[in-house]
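Only the coordinates and a few stated rules stand behind these numbers; no lab work does. Quantities reported herein were computed from a predicted structural model and do not represent experimental measurements. So basically every Cβ, Gly included, is an ideal-geometry build from the backbone, and we count neighbours across all protein chains shown.
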Amino acid sequence: MGAASGDSVMNDASVRLMVADDVAAVSMIERLSFDLPWSQKAFKAEIVSNDLAHYLVAEVMEKIVAYAGMWMIIDEAHVTNVAVLPDYRGQGIGRLIMGSLIVYAEQQGARRMTLEVRSSNEVAKQLYQRFGFTAAGIRKKYYTDTNEDAIIMWLDINKATFDVE
């Protein structure tokens, strides 16, 4: 069964810090979103053992529908992953989780944020550009499943754009 309309979903959506009990739900989203998904063990290690790691989850009516993570390295936030449950895509959840990650990164002292995105992933590139990310380089054959290039994007957090409607 699909999700409700976008307005209804966003009215019921909230974002919070990810905890170890969320790993199974996040891993399911990961498996539904990526050809080479991170394992539950990897997510658990991020939450329990990696002091650099910070993850958020988005919930709709207490169901985890998206997550985003980053590593804080001095004053830079390095986005590790962002994904939305397929039934909830195109309804503003991606904007919500990414915007929340940017705000959280700034609260943690980040001045800049960076990420890699598949060169073919137009939806993600447009989302990041709407927040003010700009392309700064290419990592050739970065994705080992397809040898696809990654576009390196950067954001000066104090210039982030939140008018994304």
Review point. Roughly what would the spin-label model give for THR134 and ASP75, points 7 Å off Cα along C-beta, in nm?
Key: 1.9 nm
Check your understanding: Comparing ASP22, ASP145, ASP75, which has the greatest mean-square fluctuation in the GNM of the chain with Cα pairs linked when under 10 Å apart?
Key -> ASP145
Practice item. Could you give the size of the charge dipole of the chain about its Cα centre, using +1 on the Cβ of each K and R and -1 on the Cβ of each D and E, expressed in debye and rounded to the nearest 20? Key: 380 debye
**Study point:** Filtered GluC sites (Glu not before Pro), the stretch 52-128: DSSP coil and at most 11 other beta carbons within 10 Å
**Key:** GLU62
Study note, to complete from the structure: Those chymotrypsin sites (Phe, Trp or Tyr not before Pro) from the stretch 105-165 that are DSSP loop and have at most 15 other Cβ neighbours within 10 Å turn out to be PHE162
Practice item. Have a look at ALA105, ALA150, ALA83 and tell me which one the Gaussian network model of the chain (Cα, springs below 10 Å) gives the largest fluctuation. Key: ALA150
**Study point:** Distance (nanometres) between label positions extended 7 Å along Cα→Cβ at THR144 and VAL48
**Key:** 2.4 nm
**Study point:** Percent antiparallel among DSSP beta bridges (both partners in the chain, rounded to 5)
**Key:** 90 percent
Revision key, fill the gap. Mean-square fluctuation maximum in Gaussian network of the chain, Cα pairs under 10 Å, restricted to VAL65, VAL48, VAL57, hits VAL48
Practice item. Rounded to the nearest Å, what's the spacing between the alpha carbon centres of the stretch 48-93 and the stretch 9-25? Just the number, please. Key: 9 Å
Review point. Simple spin-label model, 7 Å along Cα-to-Cβ: ALA24 to GLU62 in nm?
Key: 1.5 nm
